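Report on the structure given below.
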Amino acid sequence: MLSNVRIVLINTFHPGNIGAIARAMKNMGLTNLYLVDPNDYPSEEATSRAAGAVDLLENATIVSTLEEAIGDCSLVIGTSARHRTFQLPIMNARECAEAVIPEAKDHNIAILFGRETMGLLNEEIAQCHRQVYIDANDEYPVLNISQAVQIVAYEIWMAHQNESIHEKAVPEYPRKKEMDLFYEHLEETLYGINFVVRNHPGKVLDKLKRFFNRSRPEKQELGILRGVLAAVDREAGLNEGMSHAAKNKANQESTHDK
């Protein structure tokens with residue numbers, strides 16, 4: 001179960017933090033480390049700080065984009081102490097762990113940590129389903145990134161020991177890349193029926209993505225939504241104007257949903 005929980009570090013600047021995070025993870029039974037465009041890695045400093053967790057560094061997955069790190073995840077949680085211009089459901093570290101453990105039985109879960117100086121960017125938080133924060137002294141709430149990972153990892157370890165949390169029922173949710181295909185289909189349909197003007201889209205599509213990320217449709221519900229879009233496309237005669245790739249995606253999804 002814990003192997004399905006991945007810690008995703010985005011553009012980490014100091015390699016020593018990567019090593020310290022690997023050690024913090026291994027202390028709490030987590031082994032799945034993803035590095036998105038690290039500033040300086042591999043590094044002797046990271047290896048030195050990792051101590052007995054060098055194996056996590058050796059097995060870390062290094063990718064260039066966030067999309068590569070979370071595409072196969074059903075739940076993506078961004079860590080941030082700041083209030084954002086748009087609001088995701090917010091959990092503290094303990095609530096986060098209690099949400100992660102039941103879903104990690106059958107699905108990949110990603111917990112994102114941003115840059116040491118500025119954390120996650122708004123567009124990265126926008127790809128998350130939930131936001132997690134760590135309770136701290138209001139006069140000085142800033143934690144080193146390795147400390148933040150240690151606290152979240154500790155809460156996950158403690159939740160993992162609680163049998164009652166394991167027993168919670170979890171619906172079947174689509175993976176992030178399946179939601180991305182839905183967003184592409186939604187965008188093309190809204191352009192096609194002139195609900196959104198292609199040259200002046202405004203914020204409608206962003207707001208719809210945030211809405212669906214917050215609400216987290218289940219896999220069957222997503223299939224219904226894809227079916228609705230396919231029916232709108234047919235009635236509006238949009239299939240003829242769709243790109244070959246978009247047609248294939250729509251046909252594959254429609255066949256899968258049946």
Karplus-derived 3J(HN,Hα), 6.51/-1.76/1.60, for each residue of region 19-33, Hz, glycine and proline x: x, 5, 5, 4, 5, 4, 5, 5, 3, 10, x, 9, 10, 9, 10
Gap separating the Cα centres of region 88-112 and region 169-187, nearest whole Å: 17
Kindly express, to the nearest 10 degrees and within the range 0 to 90, the angle between helix 219-235's C-alpha long axis and the longest C-alpha principal axis of the chain. 30
Expressed in nm², what is the orientationally averaged projection area of the convex hull enclosing the Cα positions of region 41-112? 6.8
Please express the Cα-Cα pair-distance distribution P(r) of the chain as a list of whole percents, one per 5 Å bin, running from 0 to the bin with the greatest distance. 1, 6, 12, 16, 17, 15, 12, 9, 7, 4, 2, 0, 0
Considering only DSSP beta bridges whose two residues both sit in the chain, what percent are antiparallel, to the nearest 5? 10
Note to self: with every protein chain in place and a 1.4 Å probe, the chain gives an accessible area per residue in Å² of 52
Longer than 21 Å from Cα to Cα, which of 105/209; 177/207; 26/168 are they? Say none if no pair is. 105/209; 26/168
Any idea what angle helix 244-257 forms with the longest principal axis of the chain, computed on alpha-carbon atoms, 0 to 90 degrees, nearest 10? 80
Counting only residues 5 or more apart in sequence or on a different chain, those whose built amide H sits under 5 Å from that of residue 132 are 78, 79, 80, 91
Given the options 180, 135, 233, which has the most mean-square fluctuation in a GNM of the chain, springs set between C-alpha atoms less than 10 angstrom apart? 135
How far apart, in nm, are two points set 7 Å out from the Cα along the Cα-to-Cβ line at residue 90 and at residue 140? 2.3
Along region 142-152, Karplus-curve 3J(HN,Hα) (6.51, -1.76, 1.60; θ = phi - 60°) to the nearest Hz, with x for Gly and Pro, reads 7, 10, 4, 4, 5, 5, 4, 4, 4, 5, 4
Return the Cα extents of region 1-90 along principal axes one, two and three, sorted largest first, each rounded to a whole Å. 39, 29, 23
Find the Cα radius of gyration of region 138-205, compare it with 2.2 N^0.38 Å by division, and give the number to two decimals. 1.92
Carbon and sulfur together cover what percent of the accessible area of the chain at a 1.4 Å probe radius? 49
At 0.890 mPa s and 25 °C, plugging the Kirkwood radius over alpha-carbon pairs of region 122-243 into Stokes-Einstein gives what diffusion coefficient in µm²/s? 138
Per the Kirkwood formula on distinct C-alpha pairs, the Rh of region 66-172 is how many angstrom? 14.4
Longest principal axis of the chain (C-alpha) makes with the long axis of helix 176-192 (C-alpha) an angle, in degrees to the nearest 10, of 30
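The values are calculated or read from the model by the stated rules, or taken from the named source; none is laboratory data. All values reported here derive from a predicted model rather than from experimental measurement. Cβ atoms come from the backbone with ideal geometry, glycine included; neighbour counts cover every protein chain shown. Note: areas computed on protein heavy atoms with side chains; ligands, DNA, RNA excluded. Shrake-Rupley method; radii C 1.70, N 1.55, O 1.52, S 1.80 Å.
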